[in-house]
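One structure below.
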Amino acid sequence: MSTAPQGGMTVPPMPERTPKSLRAAIAQHAPQLLVDFDRHWRRDIADAYDLAPVPAFMARWWGEYALARNPELEARVHRLEDEAAQESDYARAKAMIEDAGRIRRAAAKAEPGQ
């Protein structure tokens, strides 16, 4: 199942909001994130006696996958961030970073199945 085409490409849907489903979606559609996802899981969650960090972990990786599943959108965000790093005008650099942040936050609001 995929969401509607965006920019000539089909964007895969968001998975169920569980670590296992998210990991499977990352492995299938954004494997470039998998090593960092697994490393973060092992470091902060796998051996934890307290599940308090799980919501923060899920929020971070939900947003990362939501962006990575759409290569065009991900490229736009990275382009804004790269251009901001090279921009000598503070106001313009700030505006670029704010735009990138808005795109990231909007992507992270995707619900399962969207």
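From Ala52, Ala91, Ala48, grab the single residue that is modelled with pLDDT of 95 or more and not β-branched (Val, Ile, Thr). Show your work before the answer.
Values: Ala52 fails: modelled with pLDDT of 95 or more; Ala48 fails: modelled with pLDDT of 95 or more.
The unique qualifying residue is Ala91.
Out of curiosity, is Ala110 surrounded by 17 or more Cβ atoms within 10 Å (Cβ to Cβ), small (Gly, Ala, Ser) and out of contact with any Lys or Arg (no Cβ under 6 Å at 6 or more places or on another chain)? If you could, list the steps in order and put the result at the bottom.
Details: surrounded by 17 or more Cβ atoms within 10 Å (Cβ to Cβ): yes; small (Gly, Ala, Ser): yes; out of contact with any Lys or Arg (no Cβ under 6 Å at 6 or more places or on another chain): yes.
Yes; evaluated as a whole, the condition is true for this residue.
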Residue that is farthest from the chain's Cα centre (by Cα), among those in region 72-97 that are surrounded by 15 or more Cβ atoms within 10 Å (Cβ to Cβ) and closer than 20 Å to Gln28 by Cβ
Leu73
Could you grab me the full set of residues in region 77-94 that are within 30 Å of Asp44 (Cα to Cα) and either in contact (Cβ under 8 Å) with a residue 24 or more places away in the chain or outside any helix (DSSP H, G or I) (or both)?
Val77
Quick one: count up the residues across region 24-70 that are in a loop (DSSP other than H, G, I, E, B) and loosely packed, with under 14 Cβ neighbours inside 10 Å.
7
With criteria (1) in a helix (DSSP H, G or I); (2) loosely packed, with under 11 Cβ neighbours inside 10 Å; (3) among the polar types (S, T, N, Q), Ser21 comes up short on (2)
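The values are calculated or read from the model by the stated rules, or taken from the named source; none is laboratory data. Just so you know, these numbers come straight off a predicted model, no measurement behind them. Glycine also receives a Cβ, built like all others from the backbone with ideal geometry; neighbour counts cover every protein chain displayed.
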